[in-house]
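A short worksheet on the structure shown next.
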């Protein structure tokens, strides 16, 4: 059994990766720390073979990697698409993949690292699967540019209010657009949507290419309603 700890700054991403890994008979999630202090406790107290560490989780990746190395825990760095994988190296780092990597590639990387191998995902390569992603391509072609942007924001953990700020629109427009996205992808909630994207490399590539401003900068601006004519108002709510 391979014990895995997932350290990421976005709860929806942690939950999504946990669900992907947990269905594998040889993988077990033993911790999902939400802070550096919790992560250090996990490394000290829990028997862990592999740590999935997002670069967004801490500004001092080297310190966490050093702590993991002290407890003989191999680290897989979850990098942002803007970060070249080559910049992450050192004792304890056995793998580097991008956060939008398909689930199958994530599972394979964890197993490789647990066996003592090293895997560095080439920058710009989000395929993780040699076969063409027919389902993902078909869904992507049905989505508008605005819907792909909203989907990217959901995968990265943005709330409806923050997405509205990104698009200079209203929360109701975002909620209505999410309903359309759910219908087109066949999912029922935000977590399922994140999992769907992680499972399909075409959608992973499309969402990874979306540039979103940091939430702190967006909150300083006033959202101006837009796209109101694109989606008809709905009385239902998508939280």
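If the condition is being surrounded by 19 or more Cβ atoms within 10 Å (Cβ to Cβ) and in contact with a strand residue (DSSP E or B) (Cβ under 6 Å, 6 or more places away or on another chain), then segment 3-28 contributes 4, 5, 6, 7, 8, 14, 17, 21, 27. Residue 77 satisfies every condition listed in (1) in a strand (DSSP E or B); (2) touching a residue at least 60 places away in the same chain (Cβ under 8 Å) except (2). Please verify whether residue 117 is surrounded by fewer than 17 Cβ atoms within 10 Å (Cβ to Cβ), over 21 Å from residue 194 (Cβ atoms) and touching a strand residue (DSSP E or B) at 6+ places or on another chain (Cβ under 8 Å), treating the condition exactly as stated. It is true that residue 117 is surrounded by fewer than 17 Cβ atoms within 10 Å (Cβ to Cβ), over 21 Å from residue 194 (Cβ atoms) and touching a strand residue (DSSP E or B) at 6+ places or on another chain (Cβ under 8 Å). Check whether at least one residue in segment 19-26 is more than 21 Å from residue 200 (Cα to Cα) and without any contact (Cβ under 8 Å) to a residue 60 or more places away in the chain, and report yes or no. Yes, that holds for at least one residue. Report, by residue number, each residue of segment 171-201 that is in contact (Cβ under 8 Å) with a residue 12 or more places away in the chain, more than 20 Å from the chain's Cα centre (by Cα) and farther than 15 Å from residue 149 by Cα. Result: 172, single match.
The set of residues in segment 71-86 that are at pLDDT 80 or above and over 19 Å from residue 9 (Cα atoms) comprises 71, 72, 73, 74, 84.
Does any residue of segment 103-119 turn out to be at pLDDT below 90, outside any helix (DSSP H, G or I) and more than 19 Å from residue 66 (Cα to Cα)? Within segment 103-119 (the criterion being at pLDDT below 90, outside any helix (DSSP H, G or I) and more than 19 Å from residue 66 (Cα to Cα)), the answer is no, since none of the residues qualifies.
When the residues of segment 32-55 are filtered to those that are in contact with a helix residue (DSSP H, G or I) (Cβ under 9 Å, 6 or more places away or on another chain) and farther than 23 Å from residue 117 by Cβ, the one that is surrounded by the fewest Cβ atoms within 10 Å (Cβ to Cβ) is 44. Listed conditions (1) closer than 18 Å to residue 134 by Cα; (2) at pLDDT below 80 are all met by residue 185, apart from (2). If you go through segment 48-67 and keep only what is farther than 20 Å from residue 107 by Cβ and more than 16 Å from the chain's Cα centre (by Cα), you end up with 59, 60, 61, 62, 63, 64, 65, 66, 67. Per the conditions (1) at pLDDT 85 or above; (2) touching a helix residue (DSSP H, G or I) at 6+ places or on another chain (Cβ under 6 Å); (3) in a helix (DSSP H, G or I), the sole criterion not satisfied by residue 12 is (1). Quick check on segment 155-170: of everything there that is without any contact (Cβ under 8 Å) to a residue 40 or more places away in the chain and assigned to a helix (DSSP H, G or I), which residue is surrounded by the fewest Cβ atoms within 10 Å (Cβ to Cβ)? Out of the qualifying residues, it is 161. When residues of segment 78-106 are filtered for being more than 16 Å from residue 197 (Cβ to Cβ), in contact with a helix residue (DSSP H, G or I) (Cβ under 7 Å, 6 or more places away or on another chain) and buried (at least 18 other Cβ atoms within 10 Å of the Cβ), how many remain? Summing the residues that are more than 16 Å from residue 197 (Cβ to Cβ), in contact with a helix residue (DSSP H, G or I) (Cβ under 7 Å, 6 or more places away or on another chain) and buried (at least 18 other Cβ atoms within 10 Å of the Cβ) in segment 78-106 gives 6.
What are the residues in segment 50-69 that are touching a residue at least 24 places away in the same chain (Cβ under 8 Å), more than 26 Å from residue 210 (Cα to Cα) and outside any strand (DSSP E or B), if any? Within segment 50-69, 62, 64, 65, 66, 67, 68 meet the criteria.
The values are calculated or read from the model by the stated rules, or taken from the named source; none is laboratory data. Fair warning: this is a prediction, and the values are worked out from it, not measured in the lab. Cβ atoms come from the backbone with ideal geometry, glycine included; neighbour counts cover every protein chain shown.
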